[in-house]
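What follows is a short report on a single structure.
What follows draws every value from the coordinates through simple rules; no lab data is involved. Treat the numbers as computed from the prediction; the structure is a model and nothing was measured. Reconstructed Cβ throughout: ideal geometry from the backbone, glycine too, with neighbour counts over all protein chains shown.
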Amino acid sequence: MGYPGANVHRIGRRKMGRHQFPTNLNITVVASSTGTTNVTLTFSRPVVVTGNIGVTVATLTLVSQTVVSPTVVTQTWSGNVATHAYAVPSNDPHVSSYQGGALVGTSGTF
């Protein structure tokens, strides 16, 4: 047969079939404290931290931050965080994962 050739309907191997959707790539975080100046951030998947995470704790300032493991980050604040409100922003530019996805923000009170 001549150009352009036989009309072969092949399905790409990398495409998902009908009614199939990609997995959720969002990163969730849980902030916890034992009533001291330390806050522990536990992520649902391994993350890469490239700077200070934009967590805000009412009336306190961030003193230091340490990456303990790929899923745990600890922060030290200028005062006792007990009974203070906190907020972790969505899509923080300093947090990313190996597989992509965005950070899902959260808020609450310690």
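Observations on the structure shown:
- Inter-probe distance in nm under a simple model that places probes 7 Å from Cα toward Cβ, at H94 and V72: 2.0 nm
- Förster radius 25 Å - calculated FRET efficiency between Q20 and A87, Cβ distance, rounded to 0.05: 0.10
- Mean Cβ neighbour count within 10 Å, used as a protection proxy, ranking 96-102, 43-49 highest first: 43-49, 96-102
- Efficiency of FRET from Cβ geometry, L62 and T109, R₀ 25 Å, rounded to 0.05: 0.90
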